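Here is the structure we will look at.
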């Protein structure tokens, strides 16, 4: 259960990061509201998951999911460059997250 909450919280990190970019400096109300709700849920989920998962592992997995998810959304939806080097770096992040989970 704690790992599932952590993964969902990492995905919510992706949502709030994209919403933050789309809020145009908090001048657009809908993306700003999505940012706020996703941020609170993401942090709350991380806090819950850290009841059972060590902070170093939990935080690294949370950030890794959020960073990889945000980069993928950027490449797939926001027309950011998707070079081979960027994709390989994302693969390394994913491998690190999986490694942390497996060695927990």
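Computed from the Cβ-Cβ distance with R0 of 30 Å, the FRET efficiency linking residue 91 to residue 1 stands at 0.60. Test of understanding: in a Gaussian network model of the chain with alpha carbons linked when under 10 Å, which of 25, 36, 45 would top the mean-square fluctuation ranking? Checking each option, the largest mean-square fluctuation is seen for 25.
I'd like the FRET efficiency for residue 60 and residue 30, computed as 1/(1 + (r/R0)^6) with the beta carbon distance as r and R0 of 41 Å, rounded to 0.05.
0.85
At q = 0.20 Å⁻¹, what is the base-10 log of I(q)/I(0) for the range 2-102 according to the Debye formula with one equal point scatterer per Cα and no solvent? Please give it to two decimals. Here the Debye-derived log intensity ratios amount to -0.98.
The GNM of the chain, with springs linking C-alpha atoms under 10 angstrom apart, assigns the highest mean-square fluctuation among 83, 32, 42 to 83.
Largest GNM mean-square fluctuation across 94, 30, 61, computed for the chain with C-alpha springs under 10 Å, falls on 30. Computed extension length for residue 8-residue 37: 9.1 nm, one decimal, from 0.36 nm per residue of separation with the Cα-Cα distance subtracted. Entry note, the chain: relative contact order of 33 percent, from Cα contacts under 8 Å with a spacing of 6+ residues. To the nearest 0.05, what FRET efficiency results for residue 51 and residue 79 with a Förster distance of 35 Å applied to their C-beta separation? After rounding, the FRET efficiency stands at 0.30.
Bear in mind that the values in this text are calculations on the coordinates, not laboratory data. As the structure is a computational prediction, the values presented were derived from the model and not from experiment. Cβ coordinates were reconstructed from backbone atoms using ideal geometry, including for glycine residues, and neighbour counts include every protein chain displayed.
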